[in-house]
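The values are calculated or read from the model by the stated rules, or taken from the named source; none is laboratory data. Please read all numbers here as calculations on a predicted model, not as lab measurements. Don't worry about glycine lacking a Cβ; one is built from the backbone with ideal geometry, like all the others, and counts go over all protein chains shown. Heavy atoms of the whole protein, side chains included, go into the accessibility calculation; ligands, DNA and RNA do not. Shrake-Rupley method; radii C 1.70, N 1.55, O 1.52, S 1.80 Å.
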Amino acid sequence: MRRLQQFLAVAHRGHFTRAAEELHMSQSALSSSIRALERELGVALFERTTRTVLLTAAGRALHAHARQLVGDMAAAHAAVAEIAQVRAGTLAVGTVQTFVAVDLPALLARFHADHPAVEVHLREATSTELVDGLTGGDLDLAFVALDTDPLPPGPTVLRDYEEELVVVVARDHPLTGSACVALTDLAPFPFIDFEAGPGLQTTVAALFARADVQRRITFRIGDMTRLIELVRHGLGVAVVPEPIARTSDLTSLRITPRASRRLALVARSDAPTNPAARALLGLLPVRDGRDAPDRR
């Protein structure tokens, strides 16, 4: 590419000395480079006279292609620079449906304000699907829910979050007067189970299994909004993350002993290669020293 740029300079100036001055190199070095290009192509590109140089037929054939190649390379450099400076490009983020440890809409709004030309793709799926999308290169970052099983090899935990789990009931439910409940207190009541793959579903199941409490599940639902509606109509009780309970109009009861679940922001490495992903990470605070990268 450098030799093509030198070839174009000589063709434009019609003179080796003036082209060398433009390129800030010696005339002998420029002449040597052009001869090397001619040897590589196996043809003469210039007719050299004592006063000027002219393009040969082969030189004229090369000229248009060289301009295109050099122009494309300059455009490629500019495009890469735009990506590196987060002035262009895309950012693909995945999240589980129930992730509320971070106000994701507010976070993306801040990112968009700083980098309006970056196209953000947001995907909602199960933790398993998100990890697959991450390792397959479809996602740059993913907010996932962790259950009792460890993450598969590959993803790196960049941020680690904990959410308290609480019981939600309708306002006229018999348990409404209680400040907290044990899991055994829920056994007599119909249960609404959130089922959307590993994460909240498996964490809640493990809680009841450890407490040796048999649930009477009457509804299995994969949409948290619908689950809240079913509870509101008195069709059962449910265990949900405390931030979700807080934003609903349901009565929430703390579980004793305290129950919680873990969530994480994961990537393929400690330092994502996508500059846009690194910029988004810069908007997330590191909390209490628990958020150091954890390769799993």
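Here are some notes:
- Selection count, the range 110-126, where residues are assigned to a helix (DSSP H, G or I), open to solvent by 10 Å² or more (accessible area, probe 1.4 Å) and touching a residue at least 24 places away in the same chain (Cβ under 8 Å): 2
- Residue that is part of a loop (DSSP other than H, G, I, E, B), open to solvent by less than 60 Å² (accessible area, probe 1.4 Å) and touching a residue at least 12 places away in the same chain (Cβ under 8 Å), where the choices are LEU139, LEU107: LEU139
- Checking GLU163, GLU129, GLU124 one by one, the residue that is modelled with pLDDT of 90 or more, among the charged types (D, E, K, R) and in contact with an Asp or Glu (Cβ under 7 Å, 6 or more places away or on another chain) is GLU163 and no other.
- Any hit, the range 88-99, residues being in a helix (DSSP H, G or I) and either open to solvent by 60 Å² or more (accessible area, probe 1.4 Å) or at pLDDT 90 or above (or both): no
- One residue stands out among those in the range 46-62 that are among the small types (Gly, Ala, Ser) and in contact (Cβ under 8 Å) with a residue 12 or more places away in the chain: the one that is farthest from SER31 (Cα to Cα), which is ALA58.
- Strands (runs of 3 or more DSSP E) within the range 151-266 that include 1 or more residues open to solvent by 30 Å² or more (accessible area, probe 1.4 Å) and either within 22 Å of ARG123 (Cβ to Cβ) or in contact (Cβ under 8 Å) with a residue 60 or more places away in the chain (or both): 156-169, 216-221
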